[in-house]
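Notes follow the structure.
The values are calculated or read from the model by the stated rules, or taken from the named source; none is laboratory data. In this text the structure is predicted, and so the values were computed from the model without any measurement. Positions of Cβ are generated from backbone atoms using ideal geometry, with glycine treated the same way; all protein chains shown enter the neighbour counts. When the accessible area is computed, the model is the full protein with side chains, heavy atoms only, and any ligands, DNA or RNA have been set aside. Shrake-Rupley method; radii C 1.70, N 1.55, O 1.52, S 1.80 Å.
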Amino acid sequence: MMRTGSGGVLNAVCAVQPKLLKGIASRRLHSTYDVAVVGAGIVGLASARELIQRHPALTFVLLEKEKELAAHQSGHNSGVIHSGIYYTPGSLKARLCVRGATLAYQYCEKKGIPYKRCGKLIVAVEQEEIPRLKALYERGLKNKVRDLSVVDAKGIREREPYCRGIMALDSPYTGIVDWRMVALRYGRDFEEAGGAVVTEFEVSDMSVVKESPAGSPDGMKHPIAIRNKKGDEVRCRYVLTCGGLYSDRLSQLSGCSTEPRIVPFRGDYLVLKPEKHYLVRGNIYPVPDPRFPFLGVHFTPRMDGGVWLGPNAVLAFKREGYHLYDFDARDFADALSFRGLQKLVLRNVTYGLGEMYRGVFLGAQIKILQKYIPELSLSDVLRGPTGVRAQALDRDGNLVDDFVFDGGVGDLGSRVLHVRNAPSPAATSSLAIGEMIADEVESRFTL
């Protein structure tokens with residue numbers, strides 16, 4: 001299914017973006033709010049939107065350190081609407097993904113945001129992958145993934161004429177969308193409901209204050225002070241942080257543990273040259289290998305008509321480092337000194353070196369991709385965009401695969417909720433995650 005109209009919808013939504021960003025960037029600070037949300041990625045935006053819709057009588061402010069919203073993970077991803085196949089049946093991730101996908105399609109329809117329900121094949125190319133593929137099918141059925149089926153080699157060719165494989169899972173409910181466009185629409189919903197959005201406000205400190213703001217008639221109704229490095233201050237009753245790549249550092253401002261630690265992994269994509277776009281119709285994914293920590297390279301069509309291949313997964317030397325030579329001394333030292341990362345690396349030395357090698361020598365990555373589309377050649381691709389994933393790790397080197405909420409210590413900790421980990425697929429699940437986070441806020445605080 002394709003929801004783009006004749007181009008008018010796409011043009012109309014795109015025209016909204018600069019107007020939205022300009023309006024948000026020009027918003028000025030007031031002094032006090034009931035709730036401050038820190039972080040305007042897709043999770044923070046969805047949560048702020050859900051909270052203000054539930055509590056329209058309260059005042060909300062959304063604080064973002066960048067000039068624009070959804071500037072990092074929310075705007076640097078593959079754009080897939082996942083259907084919920086991979087996740088443990090009954091788990092929170094599975095439930096949120098399945099519900100989130102449904103909500104995402106409904107939201108895009110309602111708001112006129114273009115998307116394509118182009119489907120996905122998870123393709124087995126070797127006999128040893130067949131048992132894992134069948135187990136994945138059973139998992140998808142238990143998760144109530146819509147319209148999931150198993151197809152043979154002929155079925156693969158009918159859906160993807162240039163793809164070769166022995167057997168595949170066909171997930172027609174999987175789709176693609178511009179998640180940054182969706183996130184910006186969440187921000188517009190929040191503003192239209194009366195929320196204030198303030199950009200270029202990088203939170204550096206939060207504390208409980210002992211006196212009310214000068215000239216305030218409310219006394220100590222707003223005891224939390226949030227400050228940035230420029231000396232600006234916002235007062236509020238409660239704080240919700242959704243910091244993505246900086247979620248661990250934000251949580252430490254209220255006395256939380258340093259763990260789980262966020263370790264940044266960079267993913268580099270290749271792009272198909274326009275004359276080769278015919279090779280790929282929908283998403284083509286490998287069968288996941290449980291021995292390795294990441295999903296593996298795949299083929300992903302884009303809303304602009306392009307096709308991305310990849311990504312790899314290598315340690316980033318900067319939390320928001322989208323280029324090979326981007327480097328931040330603190331980020332690099334934090335990552336390398338963390339025992340959890342050291343253990344992860346030691347368990348996956350061969351895999352990690354392979355990822356680095358394939359990132360430098362594209363022929364090695366093409367060789368893997370040719371297992372699925374043999375016609376692909378090195379001359380068909382160009383280096384493409386890059387994303388950075390906020391991977392939460394525990395001290396034993398395990399990927400933290402579930403949501404982590406924290407508060408902190410003392411009076412400050414009793415008024416703060418940190419979303420320390422919102423694992424993939426957070427964009428697909430964002431509206432469902434927003435509901436869950438709003439429930440968590442309401443259970444902890446008296447709004």
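Which of the three applies to region 262-344, rounded, prolate or oblate, going by the alpha-carbon gyration tensor with a ≥ b ≥ c and a/c under 1.5 meaning rounded?
Taking the square roots of the gyration eigenvalues as a ≥ b ≥ c, region 262-344 is oblate.
Computed over Cα pairs, the Kirkwood radius of region 69-146 leads via Stokes-Einstein (1.306 mPa s, 10 °C) to a diffusion coefficient of 111 µm² per second. What the Kirkwood sum gives for region 24-169 is a hydrodynamic radius of 18.5 Å, with every pair of different alpha carbons counted.
Please give the peptides 426-433, 120-127 ranked by average Cβ packing (other Cβ atoms within 10 Å per residue), highest first, as a rough proxy for protection. All intermediate terms of the calculation are to be shown ahead of the outcome.
Working: 426-433: 27.1, 120-127: 20.8.
Ranking, from highest mean packing down: 426-433, 120-127.
Given R0 = 41 Å, the distance between the Cβ atoms of residue 289 and residue 230 translates into a calculated FRET efficiency of 0.30. Sorting 294-301, 129-136 by their mean Cβ neighbour count within 10 Å, with the most densely packed peptide first, gives 294-301, 129-136.
Building the convex hull from the alpha-carbon atoms of region 261-399 and averaging its projection over directions returns 8.5 nm². The convex hull built on the alpha-carbon positions of the chain has an orientation-averaged projected area of 21.2 nm². Put simply, the Cα atoms of region 170-210 extend 59, 24, 18 Å along their principal axes, the longest span coming first. Ranked by the mean number of other Cβ atoms within 10 Å of their residues, highest first, the peptides 47-58, 150-161, 307-318 come out as 307-318, 47-58, 150-161.
Which lysines have a Cα less than 29 Å from the Cα of residue 134, not counting those fewer than 8 places away in the same chain? Counting by Cα, and skipping residues close in sequence, residue 134 has these lysines nearby: 93, 116, 120, 142, 144, 154, 367, 371.
Using C-alpha positions alone, give me the convex hull volume of region 218-318 per residue in cubic angstrom.
Details: hull volume 20.8 nm³, N = 101.
So the per-residue hull volume is 206 Å³.
The phi torsions of region 391-398, fed into the Karplus equation with coefficients 6.51, -1.76 and 1.60 and a -60° offset, translate into couplings of 9, 7, 10, 8, 5, 8, x, 8 Hz, rounded to whole numbers, with Gly and Pro shown as x. Just check region 334-425 against the gyration tensor rule for me: Cα atoms, a ≥ b ≥ c as the square roots of the eigenvalues, rounded for a/c under 1.5, and otherwise prolate or oblate depending on whether a/b exceeds b/c. Here region 334-425 falls in the prolate category.
Calculate, for residue 275 and residue 446, the FRET efficiency according to 1/(1 + (r/R0)^6) with r their C-beta to C-beta distance and R0 41 Å; round to the nearest 0.05. That gives a FRET efficiency of 0.10. For residue 356, the solvent-accessible surface computed with a 1.4 Å probe is close to 110 Å², ligands and nucleic acids excluded.
Phi angles across region 313-318 convert, under the Karplus curve 6.51 cos²θ - 1.76 cosθ + 1.60 with θ = phi - 60°, into 3J(HN,Hα) values of 8, 10, 4, 8, 8, 8 Hz, Gly and Pro given as x.
Springs between Cα atoms under 10 Å define the GNM used for the chain, and in it the highest mean-square fluctuation of 376, 63, 417 occurs at 376.
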